[in-house]
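The values are calculated or read from the model by the stated rules, or taken from the named source; none is laboratory data. Nothing here was measured: the structure is a model prediction, and the numbers come from that model. We place every Cβ from the backbone using ideal geometry, glycine too, and count neighbours over all the protein chains shown.
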Amino acid sequence: MELVETVIEDVRWEAFGLEGLAERAARAVLAGLDLPAEGFAISLMGCDDVRIAALNADFRGKPQPTNVLSWPSEERAAEFAGEAPDLPEPGEADDPESLGDIAIAWETCAREAEEQGKPMADHVTHLLVHGVLHLLGYDHIEDEDAALMEGLEVRILASLGVSDPY
């Protein structure tokens, strides 16, 4: 059973193979946190900068494009900075626990990958890992939380053969 339900709004994501990349990244995050892939569900939308700018304006009051946005299905953040959040319990195979939604924008991702001299697939994998960690309650506002989240990202990306993005 698939963990990530992908909706493609921009056809460039289809040719890129976003669906397979997202499934692989999400499974790696859950494995890296000792969570089963079965029993969870994530919704992903592959869109363009115009769509993500509208979402960013609506949900964050920032009317400009960004690379990735995440909407956790519930608040899972840790009580204290630097602590790991409480991880969710999986649902049943036929009634998985929703972790939330992610949107990712083509133009911003492509531009960032080029500017940073990274393969697009590696950059998108990093952003997907980042987004799934947000769904699980990780954040990077406080320095202690950022160190925890970035450390997890580096370890999970290494398990996927992607070099340290930091």
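Key figures
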| read-out | value |
| --- | --- |
| The one condition in (1) modelled with pLDDT of 95 or more; (2) surrounded by 16 or more Cβ atoms within 10 Å (Cβ to Cβ); (3) over 16 Å from the mean Cα position of the chain (by Cα) that A78 fails to fulfil | (1) |
| Every residue from the stretch 1-20 that is of a type in the set (A, V, I, L, M), crowded, with 20+ Cβ neighbours inside 10 Å and either farther than 14 Å from I42 by Cβ or touching a helix residue (DSSP H, G or I) at 6+ places or on another chain (Cβ under 7 Å) (or both) | L3, V4 |
| Selection count, the stretch 96-120, where residues are small (G, A, S) and in a helix (DSSP H, G or I) | 2 |
| Among the candidates D34, D48, residue that is among the acidic types (D, E), in contact with a helix residue (DSSP H, G or I) (Cβ under 8 Å, 6 or more places away or on another chain) and at pLDDT 95 or above | D48 |
| Condition check for F80: of a type in the set (F, W, Y), part of a loop (DSSP other than H, G, I, E, B) and closer than 21 Å to I141 by Cα | yes |
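Conditions tested, residue by residue: (1) aliphatic (A, V, I, L, M); (2) under 21 Å from L160 (Cα atoms); (3) surrounded by fewer than 23 Cβ atoms within 10 Å (Cβ to Cβ).
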site: D101; (1), (2), (3): no, no, yes
site: A110; (1), (2), (3): yes, yes, yes
site: E114; (1), (2), (3): no, yes, yes
site: D122; (1), (2), (3): no, yes, yes
site: L135; (1), (2), (3): yes, yes, no
site: H140; (1), (2), (3): no, no, yes
site: D143; (1), (2), (3): no, no, yes
